[in-house]
1. How many angstrom separate the Cα center of segment A:196-258 from the Cα center of segment A:128-171?
2. Could you tell me which of B:Val389, B:Val155, B:Gln172 has its Cα farthest along the dipole of chain B towards the positive end, charges placed at Cβ (Lys, Arg +1; Asp, Glu -1), taken about the Cα centre?
3. Based on the Cα gyration tensor of chain A, what are the three equivalent ellipsoid semi-axes, each the root of five times an eigenvalue, rounded to whole Å and given largest first?
4. Find, among the GluC sites (Glu not before Pro) in segment A:13-119, those assigned to loop by DSSP (not H, G, I, E, B) with at most 15 other beta-carbon atoms within 10 angstrom.
5. Which whole number gives the average, over all residues in B:246-252, of C-beta atoms from other chains lying within 10 Å of the residue C-beta?
6. Can you compute the charge dipole magnitude of chain B about its Cα centre, using +1 on each Lys and Arg Cβ and -1 on each Asp and Glu Cβ, nothing else charged? Give it in debye, rounded to the nearest 20.
7. Apply 1/(1 + (r/R0)^6) to the Cβ-Cβ distance of B:Arg62 and B:Arg234, taking R0 = 56 Å, and write down the FRET efficiency to the nearest 0.05.
8. Could you tell me the calculated FRET efficiency between A:Ser208 and A:Asp36, based on Cβ-Cβ distance and R0 = 22 angstrom, to the nearest 0.05?
Amino acid sequence: MMLARVADSLYWMGRYVERAEHVARLADVMLNATLDHSDAAVQTARIVLSAVGDSDMSRAGLVFDAARSLTLDRDDPNSVLISLARARENARQVRDQITTETWERLNLLYLRVTGENAGLTFEAGSSAFLHDVIADLHLFKGAADATMSHGEGWRFLMLGMHLERARLVSRLLEVCFGDGRAINERITLMNLLRMACALEPYLRRYTSEIEPRHILDYLLFDEEFPRSIRFATARIEEHLVGISRHVESGGLSAPERLAGRLKARLQYADVLELEATGASDLLATVVNECGRIHEAIFETFVAYSLEARLPA
Amino acid sequence: MSVASVKTLDAAPGSSRLQAAYLPGVAYDEMYAADGEVRPHYANVHSRLTSLSPDALAERQRTLERSFLLQGVTFTVYGAEETTERIIPTDLAPRIIPAAEWTRIEAGLTQRLRALNMFLADIYGDQQILKDGIVPRELVLGAPSYRREMQHLYVPHKAYANVCGSDLIRGQDGAFAVLEDNLRVPSGVSYMLANRDAAKRTFPGTFRMSNVRPVERYPDLLLSTLKGMAADWRPDPQVVVLTPGVYNSAYYEHAYLARLMGSPLVEGRDLVIHENMVYMRTTTGLRRVDVIYRRVDDDFIDPLTFRRDSSLGVAGLFNAYRAGNVVICNAPGTGVADDKAVYAYVPDIIRYYLGDDAILPNIETYLCREPAQLSHVLANLDQLVVKAVGASGGYGMLVGPHASQREREDFAQALKADPANYIAQPTIQLSTAPCLIDGRIEPRHVDLRPFILSGEKIVVTPGALTRVALRRGSLVVNSSQGGGSKDTWVLADDARETGR
């Protein structure tokens with residue numbers, strides 16, 4: 001049993017935390033890539049800017065400024081700082097529901113990126129700065145996993161994280177492989193894997209033969225890699241089933257049904273099919289279905305009509 | 001040597017750092033007796049403070065502030081440009097109260113709360129005390145905090161003020177007196193608990209040696225007090241904490257208490273009234289609520305009954321309360337008993353209901369509504385503290401000796417225009433306690449806010465919030481006026497210790 005508003009805040013906290021980590025990683029990969037003067041560097045910067053929805057490609061030439069604004073800009077709704085501030089604001093709303101260990105991790109991060117020295121620290125060592133942000137977000141997730149009860153509240157947090165992750169990875173793949181686009185440059189492909197935090201696991205699975213179809217296969221359909229879309233949708237379904245156990249209505253809830261369908265779609269699709277039709281359709285389906293699941297969660301658990309739920 | 005005779009650092013080249021900087025004034029000092037000797041119950045803390053270098057003290061102070069910031073023990077300041085979060089200034093030198101003194105405080109507060117709850121039950125019942133002419137009828141029934149809606153309403157155990165934080169001060173003679181009672185929505189208890197955590201980490205050895213009574217039980221005592229308010233009719237009542245929301249300056253405390261009690265922290269928008277029952281919106285539908293520990297003022301709890309423009313409360317809540325389907329703690333209308341004018345009658349109220357004299361005295365109070373007392377006040381404005389009856393938090397008050405001639409004249413005009421709205425009290429030199437100021441230990445004025453729970457029985461937690469006027473010489477301890485706080489150690493006596 002938990003307050004509807006609290007569940008909503010935990011869900012959004014999960015989404016913003018995941019977004020912060022993703023954007024921090026994109027900024028880091030972009031900065032590292034552009035240390036070399038190569039075509040791959042420009043291409044990587046373009047992928048990052050497209051993935052975060054920045055249409056101003058001239059910024060691809062001013063990578064450091066772009067990375068700084070992705071990290072610390074208070075006016076950029078996608079920046080790491082804004083995502084962390086929103087995650088923390090949601091955490092503050094539900095401060096009584098999350099453990100002190102979890103709260104302190106997030107609060108520390110927030111204080112660091114909003115502190116008066118943040119800009120200077122970033123200038124002095126942008127890579128170290130971003131590395132620390134990502135490492136602290138991992139600590140936050142670890143603290144949530146290790147100290148929060150794995151009940152309803154925690155499931156809403158996880159739901160938000162995995163839903164956001166599925167969307168972000170879909171968007172990244174869409175930018176690289178959607179609409180007949182194809183990236184073949186090896187360094188760019190490696191950077192793409194880095195953006196999904198997938199390079200090392202990928203190498204172990206496919207060796208250093210880096211090919212677009214393997215990347216698609218891995219990031220879309222792998223069952224065990226935590227940043228594959230299939231993995232994320234399986235978790236979404238799992239947490240929705242867990243949450244629905246508490247609801248006293250019979251049958252599957254709307255979000256559960258939607259999530260189950262999406263999971264099945266990914267489970268039974270394969271990369272040969274994609275090669276025939278292109279990845280665009282499937283990626284668009286993932287993004288759309290995530291949107292529908294999001295709405296269904298809100299309507300089922302948060303903004304339900306009171307008439308339907310009045311006590312007998 | 002006599003500390004009071006040391007006026008500057010240069011005048012005492014041979015004395016220790018602590019003593020040299022410490023210049024008590026005429027006020028009672030918590031650590032030093034008048035002859036300059038350290039009071040026995042301060043011996044441990046005094047020796048610890050003197051043994052640490054200014055750098056070490058400052059380092060501990062920084063560690064403490066950082067830990068408060070990390071934990072989010074903050075209040076939010078909304079500026080034009082940017083919102084910032086600040087910690088309430090917290091001083092690391094503990095304030096110490098020996099066992100015998102505490103025994104008296106505890107007895108005095110228990111007596112006072114018993115009488116005040118009886119007074120509220122009477123005022124909202126047959127009004128015998130008004131009929132007997134002990135307290136002027138118009139003073140009570142005309143007070144803005146009097147709630148006609150509460151008349152003849154059933155309140156379990158006749159416990160109206162379930163949570164009270166009374167402010168005590170120690171005058172020049174060293175005796176404790178009650179400055180005011182806070183019976184509405186008193187705050188500060190989370191600082192009592194957070195300060196204790198900090199003190200244990202800052203001075204673990206000294207703390208262990210000092211035999212300090214624990215305060216950690218406050219949240220569970222609060223929960224059992226709240227549950228006890230509905231126990232007559234619900235086997236395992238659902239308690240919630242009602243907060244105005246994350247933008248309220250005491251939000252940290254609301255979340256803190258909810259977390260430590262394990263009760264949901266709700267906002268008005270989370271609650272729904274259906275057929276005079278209160279429910280909260282959960283992910284799995286509506287859940288019945290039995291007891292509401294509300295941290296929202298009377299005016300805002302129900303727009304249908306009180307202020308119509310309130311968006312913090314719940315429409316229909318008061319009807320559910322009237323129907324006996326939910327308990328609101330504190331009960332609406334308790335403010336009538338902590339009104340600054342009614343305050344003057346509390347010793348009479350105690351005598352009337354309990355037949356005893358007040359164990360803890362009041363501060364002498366002049367009611368400006370009485371013409372004779374008004375002229376006395378006007379003639380002595382430079383020596384008195386004048387307060388608006390309805391105001392709190394250190395607003396709307398004049399500290400005569402510290403005010404300019406001009407300020408006094410302005411205030412006199414306001415007084416004459418609306419005398420019933422003011423009371424006056426002599427300026428009390430609040431006692432001073434050692435505080436860390438810029439790396440040195442200096443005396444600052446303090447008060448004491450213990451917390452009293454009233455339900456089936458009355459419980460005083462052995463601890464308190466000590467508020468500090470951090471500006472040198474200032475007597476105003478309110479956090480809105482530059483005040484801070486520090487941990488308060490209530491010592492166990494030996495008998496008590498072996499008895500446990």
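Values in this text are rule-based calculations from the coordinates and carry no lab data. Not measured: the values here are computed from a predicted model. Methodologically, a virtual Cβ is constructed for each residue, glycine included, from the backbone with ideal geometry; neighbour enumeration extends over all protein chains shown.
1. 15 Å
2. Value: B:Val155.
3. Working: eigenvalues 207, 135, 48 Å².
So the equivalent ellipsoid measures 32, 26, 16 Å along its semi-axes.
4. When the GluC sites (Glu not before Pro) of segment A:13-119 are filtered for loop state and at most 15 Cβ neighbours within 10 Å, A:Glu116 remain.
5. Averaged over the peptide's residues, the number is 2.
6. 860 debye
7. According to the calculation, E is roughly 0.70.
8. 0.75
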